[in-house]
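Asker: Have a look at the structure that comes next, please.
What follows is calculated from the coordinates using simple rules that are stated; it is not laboratory data. In this text, all values refer to a predicted model and were calculated from it rather than measured experimentally. Ideal geometry is used to build each Cβ from the backbone, glycine not excepted, and the neighbour counts take in all protein chains shown.
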Amino acid sequence: MSAATRKIGIACGGVGYWQQRADVVVVGTGVAGLAAALAAHRQGRRVVVLSKASETATFYAQGGIAVVVPRTDDTIEAHVTDTLAAGGGLCDREAVTSIVADGYAAVAELVDVGARFDESVPGQWSLTREGGHSRRRIVHAGGDATGAEVQRALNHAADTLDIRRNHVALQILRDADTVTGVLVHNDDGPGVIHAPSVILATGGLGHLYSATTNPEGSTGDGIALALWAGLPAADVEFIQFHPTMLFDGNAGGRRPLITEALRGEGAILIDARGDSVTAGVHPMGDLAPRDVVAAAIDERLSQTGDPCVYLDARSVEDFQRRFPTVNAACLAAGVDATVALIPVVPGAHYSCGGVVTDVYGRTELTGLFAAGEVARTGMHGANRLASNSLLEGLVVGRRAGTGAAEHAANSAAPRATFEPVTRVALPRADLQRAMTRHVAVVRDAVGLTHVAELLETAGASELTTRAGFEDAALTVTASAVVAAALARLESRGCHHRADHPDLDPTGATSTHVRLQSDGTSTVTRGAEVCC
Ligand code: SIN
């Protein structure tokens, strides 16, 4: 037990619990979490960062950060236009413009704390292209190891911060109007951190599925915590499947990503017969937005019955130096991509929706902020544009940290209380199997209803272990995703309904899901957000 931790004799399911205080608690240590923590720390606030897992999605990001670099042929307007086009009519133009416009300053700040990006000539970043981008505007590091460099630089900058490993945030504590703290589980058992500001930066939900590009901690925690706290999640039916996840038989869990930047450098997608997968599908071909390419692959696999398609990267110049991460993953799977085709399938990659926030990370609950993949700012709409995620995490993380620090500075120290709660959970393998079968690239009412009925059979879960908490988080997050997917009777962005294959021109409104006290979800449609 740490020196600052004391057990006190208050019953918590029959056990005492420890208590601490902070000004700002940040949940998560990826790009958004550490950007937020550093910003709050710079404001002189007592910041505690909670981390349940050693790996972040940031670390695994390959392609890069989409950013408009001054004095190039690129413009903020062009980046905004590309983002809106990818987002299927559901992006919030003002949110996109605000985040894109702040991108260069946020990346420059990252350079100030030590991040080093690849250069084409000394002093000039090397820019690549990815799906949906009309310009070369992706900065990258270590070839295809951008996330690792971003994480390294942020970890270094955050070295002196109070980062608590193996701490699982179990519940956001609130009174009627504001946040009062977080209920946490660590090696000492349950405890409360009393704090006026809490920032959710918990990442995504890829482990709703049997195979995903996400690290093992991506279990929908932040969406679950917000739903349990009575807040809405929006647009959670839009789960982005990356078109090219390495296919390695039926292996599940985290699977290697084959970065889209490879297609930006000339790799092509073909099926087992050597035919193009995207010819005639979209004017941008293999560099069409992700939802289009993933759906084209899914359709080709249904037509052919093949287990995978292939990425032909043999013509990519300087492949091993430019794409060392992909090269290593392929070699580990027995594929030498300089001479052989890379087997790929679409894989669960990114949650476009999430906890409803503004572009400063503020939620509807005073003192609660969310940033990064967990949040829905209006940036991504129905389908995120490639490499916009690190950008959003950096920009909104920084803003959320500053806002949370200011809120804490103006708040009296709260005293958090809590009632023991019961959560329900399905066995994880059952949940993942059902989501993979029925709620992946293409859905329909029959499959969605089957999963909804399965979710209703979830039994009480033990919240005293990380796995028990994650199973409960996955279950409530899946319920929200399924409810939203059932309610959206059209195909838009990365939500494809086999039984509603067309875009509904009246459907450009966000889906908001809230959890009711009886555990059911209610779905409402927000104001029209089409731009
Ligand atoms: C990729 O490198 O293809 C993934 C980048 C992203 O998810 O934006």
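Asker: Calculate the radius of gyration of the Cα atoms of segment 476-521 to one decimal place, then report Dmax, the largest Cα-Cα distance, as a whole number, both in Å.
Answerer: In order Rg, Dmax, the Cα atoms of segment 476-521 give 11.7, 35 Å.
Asker: In Å, what Rg and Dmax follow from the Cα atoms of segment 29-115?
Answerer: Rg and Dmax of segment 29-115, Cα atoms, are 15.5, 43 Å.
Asker: Moving on. Note down the magnitude of the dipole of segment 106-193 about its Cα centre, charges +1 on Lys and Arg C-beta and -1 on Asp and Glu C-beta and zero elsewhere, to the nearest 20 debye.
Answerer: For segment 106-193, the charge dipole is close to 400 debye.
Asker: Which value, in debye to the nearest 20, gives the size of the charge dipole of the chain about its Cα centre, when Lys and Arg are +1 and Asp and Glu are -1 at the Cβ?
Answerer: Rounded to the nearest 20 debye, it is 1140 debye.
Asker: For segment 303-316, in order, what is each residue's ³J(HN,Hα) by Karplus, 6.51 cos²θ - 1.76 cosθ + 1.60 with θ = phi - 60°, in whole Hz (x at glycine and Pro)?
Answerer: So the J values, rounded to whole Hz, are 5, 8, x, 6, x, 7, 10, 9, 9, 9, 10, 5, 8, 6.
Asker: Take peptides 287-295, 433-441 and line them up by average Cβ neighbours within 10 Å, highest first, as a rough protection proxy.
Answerer: Averaged packing, sorted descending, gives the order 287-295, 433-441.
Asker: Taking all pairs of different Cα atoms in the chain, averaging 1/r and flipping that mean, what Kirkwood radius in angstroms comes out?
Answerer: The Cα-based Kirkwood calculation yields 23.0 Å.
Asker: With the dipole of the chain worked out from charges on the C-beta (+1 for Lys and Arg, -1 for Asp and Glu) around the Cα centre, which of 400, 449, 240 lies farthest toward the positive end?
Answerer: 400
Asker: Taking the number of other C-beta atoms within 10 Å as the exposure measure, put 359, 374 in order starting with the fewest.
Answerer: Going from sparsest to densest Cβ surroundings: 359, 374.
Asker: Counting pairs of alpha carbon atoms under 8 Å apart in space and at least six apart in sequence, what relative contact order in percent does segment 343-496 give?
Answerer: 20 percent
Asker: Counting other C-beta atoms within 10 Å, which of 246, 391, 486 has the fewest, and how do the rest follow?
Answerer: 486, 246, 391
Asker: What is the antiparallel percent of DSSP beta bridges lying wholly in the chain, to the nearest 5?
Answerer: 65 percent
Asker: In a Debye calculation with equal point scatterers on the alpha-carbon sites of segment 119-239 and no solvent, what is log10 I(q)/I(0) at q = 0.20, 0.21, 0.23 Å⁻¹?
Answerer: -1.25, -1.29, -1.37
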